[in-house]
Amino acid sequence: MNVTDLLAFHRDLVSIRSISHDEGPIADMVTSFLQERGAEVQRWGDNVVATVGEGPHILLNSHLDTVPPCDGYTRDPWKVEVEDGRVYGLGSNDAKASGAALTAAFLRHLESPPCRITLLLVPEEETGGNGAEVSVPMVAEKIARVDAGIVGEPTSLDVALAQKGLLIIELEAEGDACHAAHADRLGARNPIFTLTEDLASLRQTQWGEPDPELGPTTMQATVIKGGEARNQVPGAASVALDFRTAPGLGHDELIQMVEARVTSRVGIRSRRLEPTRCPADTPLVRSAVRVRPQARLFGSATMSDLAFMRGFPAVKCGPGDTSRSHRPDEFVEESAITEAAAFYTSWIAAFAEEMKHATVG
């Protein structure tokens, strides 16, 4: 797969609308694209899976879906435009650039693979549960045990060794609905005040010790609901809390800490996305540094399918800038895509060499 074909493939990916839960057309296109080039492809729902080679097994993963276009676009988000070496369009950066580059690396090793390589392009990364969460375990069950994984996301080709987890809690406070003018005389409970006091308590809490790479666990209030009329105390109110969790305290421990500090009822909306960490002294990371010594090793606060790479070393790395994700006029540089494809291609070969030396040693 040469550079011209790679950039054309990327533009084709961006041109297909693929908001989460509507990835059928783009999965069909990718399946046909791979099959036409001699790859053996399987479909698990809208998960596209292609495998080649034998020996140590490296998993190449990225996602096909996008978020809906946000407000503020000055260009048509559905129209691919190339200007001054930049490709504009929804999903161009997050993460169809990674998907295109990983596909190119897979195809470049198709004729003479240095190890077992599985390309896994998934749906529902932005929202949903029918992508990597179900298909990554299936790779190990149906193909072979996985030895290492690369998750393609915009990191400017730096390598994220660690990623924060995500815990979503909702506080629900009950009140006594009544006319606001009579609330004090009636001694009515105002659930908004209850939530305010609970939030003040939580804001003063340190959630364990900061992680050296990821920093501290953080908490933000994101959605608050309560009340319909300005002259009425509501009968109930709630607030959603977004915890970005670092290793150290587990989600169960964090939930217990919240419960001990609030009077509101604590509801758990999502707890399954635990933080992840890949040791630096692994064949996967050593080979990345050998091929791209300028790559920064870092910890990432943003969520991705790295959360589902369990039981084997895995990192997050891809072309593009994460700050452009989910923003108007999304774009990626063509040079970043071609550089990523070359890096991935060399990285796979170097990983195979590292694994060979590790086995001999």
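The values are calculated or read from the model by the stated rules, or taken from the named source; none is laboratory data. As the structure is a prediction and not an experimental result, all values here were calculated from the model. For neighbour counting, all protein chains shown are included, and Cβ atoms are generated from backbone atoms with ideal geometry for every residue, glycine included. Only protein heavy atoms, including side chains, enter the accessible area calculation; ligands, DNA and RNA are left aside. Shrake-Rupley method; radii C 1.70, N 1.55, O 1.52, S 1.80 Å.
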**OP:** Any chance you could run the full-extension gain for M257 through R86? It's 0.36 nm times the residue separation minus the Cα-Cα distance, nm to one decimal.
**Re:** 56.9 nm
**OP:** Any chance you could check the Cα centroid distance between region 62-125 and region 262-299 for me, in angstrom?
**Re:** 22
Original post:
S112 to V3: FRET efficiency via 1/(1 + (r/R0)^6), r the Cβ-Cβ distance, R0 22 Å, to the nearest 0.05?
Top reply: 0.65
**OP:** Could you please put W347, W44 in sequence from largest to smallest accessible area, using a 1.4 Å probe?
**Re:** W44, W347
**OP:** Could you order peptides 237-243, 193-199 by the average number of other Cβ atoms within 10 Å of their residues, highest first?
**Re:** 237-243, 193-199
Original post:
So in the chain, what percent of DSSP beta bridges are antiparallel if you round to the nearest 5?
Top reply: 70
Original post:
Ignoring ligands, DNA and RNA, what percent of the accessible area of the chain is carbon or sulfur (1.4 Å)?
Top reply: 48
**OP:** Could you calculate the contour length gain from D281 to M138, that is, 0.36 nm times the residue separation minus the distance between their Cα atoms, to one decimal place in nm?
**Re:** 48.8 nm
**OP:** In nm, give the distance between the simple-model label positions of H21 and Y73, each being 7 Å from the Cα along the Cα-to-Cβ direction.
**Re:** 1.9
**OP:** Determine how large the accessible area of M355 is when every protein chain is in place; take a 1.4 Å probe and give Å² rounded to the nearest 10.
**Re:** 30
Subject >> Rounded accessible area of E40 (nearest 10 Å², 1.4 Å probe) >> reply: 150
Subject >> Solvent-accessible area of T263 with every protein chain in place, 1.4 Å probe, in Å² to the nearest 10 >> reply: 110
**OP:** Please arrange D12, D147 by accessible surface area, largest first, computed with a 1.4 Å probe and ligands excluded.
**Re:** D12, D147
Subject >> Value of [θ]222 nm, deg cm²/dmol, for the chain, DSSP H segments ≥ 4, -39500 (n - 2.57) each, nearest 500 >> reply: -10000 deg cm²/dmol
Original post:
What percent antiparallel are the DSSP beta bridges of region 59-131, to the nearest 5?
Top reply: 40
Original post:
When the scattering of region 94-186 is computed by the Debye formula from its Cα atoms alone, each counted once and equally, what is log10 I(q)/I(0) at q = 0.14, 0.17 Å⁻¹?
Top reply: -0.69, -0.95
Subject >> Above-threshold pairs, the threshold being 29 Å between Cα atoms, out of K142/K356; K225/K316; K142/K316; K164/K225 >> reply: K225/K316
Subject >> Given charges at beta-carbon only (K, R positive; D, E negative), |dipole| of the chain in Debye >> reply: 500
**OP:** Can you tell me how much longer the chain between R145 and K225 gets when fully stretched, taken as 0.36 nm per residue apart minus their C-alpha distance, in nm with one decimal?
**Re:** 24.2 nm
Subject >> Rg(Cα) / (2.2 N^0.38 Å) computed for the chain, rounded to two decimals >> reply: 1.13
Original post:
So what's the net charge close to V30: Lys and Arg +1, Asp and Glu -1, counting the other residues with Cβ under 13 Å from its Cβ?
Top reply: -3
**OP:** First select every other residue whose beta carbon is under 15 angstrom from the beta carbon of L110; then total the charges, Lys and Arg +1, Asp and Glu -1.
**Re:** -2
Subject >> Separation of alpha-carbon centers, region 302-361 and region 193-210, rounded to whole Å >> reply: 37
**OP:** Just name one of Q35, L107, V49: the one whose Cα is farthest towards the positive end of the charge dipole of region 19-109 (beta-carbon charges, Lys/Arg +1, Asp/Glu -1).
**Re:** L107
Original post:
Taking Cα pairs under 8 Å and at least six residues apart, what relative contact order does the chain come out at, in percent?
Top reply: 25
**OP:** Can you check what the net charge comes to around P137, using other residues whose Cβ is under 12 Å from the Cβ of P137 (Lys, Arg +1; Asp, Glu -1)?
**Re:** +1
**OP:** Return one number: the angle in degrees, 0 to 90 and rounded to the nearest 10, between the long axis of the Cα atoms of helix 251-261 and the longest principal axis of the Cα atoms of the chain.
**Re:** 20
Original post:
In region 72-136, which chymotrypsin sites (Phe, Trp or Tyr not before Pro) fall in coil by DSSP and have 16 or fewer other Cβ atoms within 10 Å?
Top reply: Y73, W78
